[in-house]
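The values are calculated or read from the model by the stated rules, or taken from the named source; none is laboratory data. Predicted model, so just to flag it, every value in this text is computed and none were measured. For neighbour counting, all protein chains shown are included, and Cβ atoms are generated from backbone atoms with ideal geometry for every residue, glycine included.
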Amino acid sequence: MEDAFEGAFAGEEVSGEVRRADAPYEAMDGPFRTTASDRALNGQYANIYFARLAKLRPAVLEQAKAQWCMSDAEVGAKLTKTLDVSDEAEDCVVLGTLYADMKLKPNVLEEYTRDPLAPAAPVPTHYCSADDKLIIEDETGRLVLTGSLLVGHRFVTGVVIAARGRLDASSAFIVSALCEAGLAPQPPLPSIVSLADADAEPRASDQYLALVSGLHVGIEGDGEHMLALQLLCDYLAAHVGGETELGLQSRIVRLVICGEALADADAGRPTGGEALKPMRARAQRSLAASLQALEAMLLPVAASLPVDVMPGVTDPSNLNLPQQPLHQLLLPLLCRHAHFSSTPNPHAFSLAGVRVVGTSGQPVSDAHKYHADSNGSAGAPDAVETLERMLRWRHLAPTAPDTLPCFPFAMDDPFVLTESPHVLFAGNQLRYGTRLVKGAGGQRVRVVAVPSFARSRTAVLVNLRTLRCHPLSFQSYRAQP
C-alpha cells in the first residue's frame, strides 16, 4: 500500500495534527428509512412483487426492443400474458418475475407448523437440487421455463425479465432468448472524476472514501484481532504512520463501516424451547460491552473523520431489510458527535458528487445460495459477478422477500435501482474484489466487494477522482482461519 502512494505523497508537509480534506456529502437514504405503515407485518408480500414488475416492465421492454432489433409494433404483437400463451403461438414474448422453485429453500409454513420444542433443522448452505425449476409469472399466471439456454444460468428469484420462445408438448415454455433490464440511467459524474485516469498513479490532491466491514468488535479471547482493529483505527485517525501515510490519511474524507461492526452477542444461542426466551443475560452484558468497546475505538476516528455505521446481521437492528439505523441510545457518545452518522442498510449517499450505494452483504450472500459449485458448496459466482448482475437486473435485493427477509411494502419496492450509482459495494464478503462495469448507454459503475475485516484484515480505499480501488491491508496480525 505504501508503494502505491509513495510518489503521490512524498514531500507533503506533515504537522503534528493532520488537516483533513473536506468533501461535500449528501445522505440519500430516504427510500430505506421505513415508516410505521411500512413496518406493519400484516400486509401481503404480493404487493412488493407487483410494484417491482410495474417499475421494471418499461425498462425490460425497451431493452428487449434493442436487443432483439424489434419495433414497438413487433414487440406489441408478440408480447403475451402467461395465461394467454397457447400451443399455436410459434414465437411469443412473456414478461414477468422469475421464481426459482427449489425444494431446499426455507418454507415458512413448515417453520410455523414445526414443534417449537424440537431441535431446529440445520441451515442449508445452498438451495440447489436436481428437481429445481425456473418459473416466470406475471399478474395472470405462471409458466415453467425450460431449454438449453437455461443450463448453468445465474438467475435468482425476484428478477424481472422478458423471455422469448414457445410452448412445448408439456406446456413448458422453451426459451430461445432472454432479456434483462440492463443498467439504469446514470447521473453525470462530477467534473473532477476522470475514468480515463483509472490506471494512472494517484495524485496528492486525490480524495478517498474508506470502506470496511465485519469489524466484529467483541470477539472474546482474540487479542490479535483486537490489535489489528486498533491499528486500523489508529491509521484512520492519523495517529500512526510516516510522511507518506499521513499525507494519504489527510485525503481520506469519509469512512463507511458496511455492517457487522459487532460480533454476534448471542453466538451459540440455544435451540428448541430455550430459543423462545429473550436474549440471555450473559448475551446482553456481552452486547453492552461490545458497544462500549466500539465507541471507544471509533471516537478518536470520528474526532477528525466523518464516520457512517451501517447495521448488519450481527448488529442490534431489525432483521428485515431495510435495516434501520442503530438506535442512538446504543452509541450515545458517538451519536452526539457531528462527524458520526448511524445509517440504514442499504445506504445511499453522494460524496464529492460521486453517487454511492451499498449493502452490508446479505443480498449477495443469499443470492449465492441459489447456485452450487461442483463440490456442492454454495456461492458458485463471486461477489463481484453477483453485484454486476444486480446492476443489470436493476435491483439491490432480488431474493427479498422470498428467501431474504424484508418488510411487506404495500405501494413500492425501494430496492429497485431507478438510477445506476457510480459506486456499488457489498460488505462482509469472503474476499476483496472490484470491477468497472460498463453499460450500453455509457454508464460506468465501480463495484466493490468489501471483505470482512475479521477474516481478511483488509479495508478498501476508493479514489473519488478515478474510482480506482486500493486494498489497505493490516496483515501484521494473523487473520482468522
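Leu248: in contact with a strand residue (DSSP E or B) (Cβ under 9 Å, 6 or more places away or on another chain), modelled with pLDDT under 95 and more than 27 Å from Val313 (Cα to Cα), yes or no? Show your work before the answer.
Values: in contact with a strand residue (DSSP E or B) (Cβ under 9 Å, 6 or more places away or on another chain): yes; modelled with pLDDT under 95: yes; more than 27 Å from Val313 (Cα to Cα): yes.
Answer is yes for this residue.
Looking at segment 124-159, which of its residues are among the aliphatic types (A, V, I, L, M) and modelled with pLDDT under 95?
Within segment 124-159, the subset among the aliphatic types (A, V, I, L, M) is 130, 134-136, 143-145, 149-151, 156, 159.
Across segment 124-159, the qualifying residues are Ala130, Leu149, Leu150, Val151.
Please identify the pairs in which a residue from segment 400-420 that is closer than 16 Å to Val160 by Cβ has its Cβ atom under 8 Å from the Cβ atom of a residue that is in a loop (DSSP other than H, G, I, E, B) and among the basic types (Lys, Arg), counting only partners at least 6 apart or on another chain.
Sorted first by the residue in segment 400-420, then by its partner, the pairs are Asp402/Lys105; Val416/Arg394; Leu417/Arg394; Thr418/Arg394.
Determine whether segment 366-373 contains at least one residue that is in contact (Cβ under 8 Å) with a residue 40 or more places away in the chain, surrounded by 21 or more Cβ atoms within 10 Å (Cβ to Cβ) and basic (Lys, Arg).
Checked segment 366-373: at least one residue is in contact (Cβ under 8 Å) with a residue 40 or more places away in the chain, surrounded by 21 or more Cβ atoms within 10 Å (Cβ to Cβ) and basic (Lys, Arg).
Look through Gly259, Gly268, Gly272 and report the one residue that is modelled with pLDDT of 95 or more and under 29 Å from Pro363 (Cα atoms). Spell out how you get there, then give the answer.
Values: Gly268 fails: modelled with pLDDT of 95 or more; Gly272 fails: modelled with pLDDT of 95 or more.
That would be Gly259, the only listed residue that is modelled with pLDDT of 95 or more and under 29 Å from Pro363 (Cα atoms).
Can you name every residue in segment 326-354 that is of a type in the set (Phe, Trp, Tyr) and either at pLDDT below 95 or under 26 Å from Val416 (Cβ atoms) (or both)? Break it down into steps so the answer makes sense when it comes.
Restricting attention to segment 326-354, the residues satisfying the condition of being of a type in the set (Phe, Trp, Tyr) are 340, 349.
Hit for segment 326-354 is Phe349, nothing else.
Hey, can you tell me all the residues within segment 431-456 that are in contact (Cβ under 8 Å) with a residue 60 or more places away in the chain, part of a strand (DSSP E or B) and more than 23 Å from Ser365 (Cα to Cα)?
Of everything in segment 431-456, just one residue is in contact (Cβ under 8 Å) with a residue 60 or more places away in the chain, part of a strand (DSSP E or B) and more than 23 Å from Ser365 (Cα to Cα), namely Arg444.
Out of Leu95, Leu83, Leu61, report the one residue that is under 23 Å from Lys133 (Cα atoms) and either modelled with pLDDT of 95 or more or of a type in the set (Val, Ile, Thr) (or both).
Values: Leu83 fails: either modelled with pLDDT of 95 or more or of a type in the set (Val, Ile, Thr) (or both); Leu61 fails: under 23 Å from Lys133 (Cα atoms).
Residue meeting the stated conditions: Leu95.
Looking at Ala352, is it surrounded by fewer than 21 Cβ atoms within 10 Å (Cβ to Cβ), touching a residue at least 60 places away in the same chain (Cβ under 8 Å) and out of contact with any Leu (no Cβ under 9 Å at 6 or more places or on another chain)? If you could, list the steps in order and put the result at the bottom.
On the way: surrounded by fewer than 21 Cβ atoms within 10 Å (Cβ to Cβ): yes; touching a residue at least 60 places away in the same chain (Cβ under 8 Å): yes; out of contact with any Leu (no Cβ under 9 Å at 6 or more places or on another chain): no.
So Ala352 fails the test.
Determine which member of the set Val193, Val212, Val175, Val253 is under 30 Å from Gln67 (Cβ atoms) and under 29 Å from the mean Cα position of the chain (by Cα).
Details: Val212 fails: under 30 Å from Gln67 (Cβ atoms); Val175 fails: under 29 Å from the mean Cα position of the chain (by Cα); Val253 fails: under 30 Å from Gln67 (Cβ atoms).
Sole residue among the options that is under 30 Å from Gln67 (Cβ atoms) and under 29 Å from the mean Cα position of the chain (by Cα): Val193.
For segment 136-144, state whether one or more residues are surrounded by 15 or more Cβ atoms within 10 Å (Cβ to Cβ), in contact with an Asp or Glu (Cβ under 6 Å, 6 or more places away or on another chain) and either assigned by TED's automatic domain parsing to the domain that holds Tyr99 or assigned to a loop (DSSP other than H, G, I, E, B) (or both).
Looking for residues that are surrounded by 15 or more Cβ atoms within 10 Å (Cβ to Cβ), in contact with an Asp or Glu (Cβ under 6 Å, 6 or more places away or on another chain) and either assigned by TED's automatic domain parsing to the domain that holds Tyr99 or assigned to a loop (DSSP other than H, G, I, E, B) (or both), one finds none in segment 136-144, hence no.
Quick test of your reading of the structure: Met226 fulfils all but one of (1) aliphatic (A, V, I, L, M); (2) buried (at least 16 other Cβ atoms within 10 Å of the Cβ); (3) part of a loop (DSSP other than H, G, I, E, B). Name the failing condition by number.
Status for Met226: all satisfied but (3).
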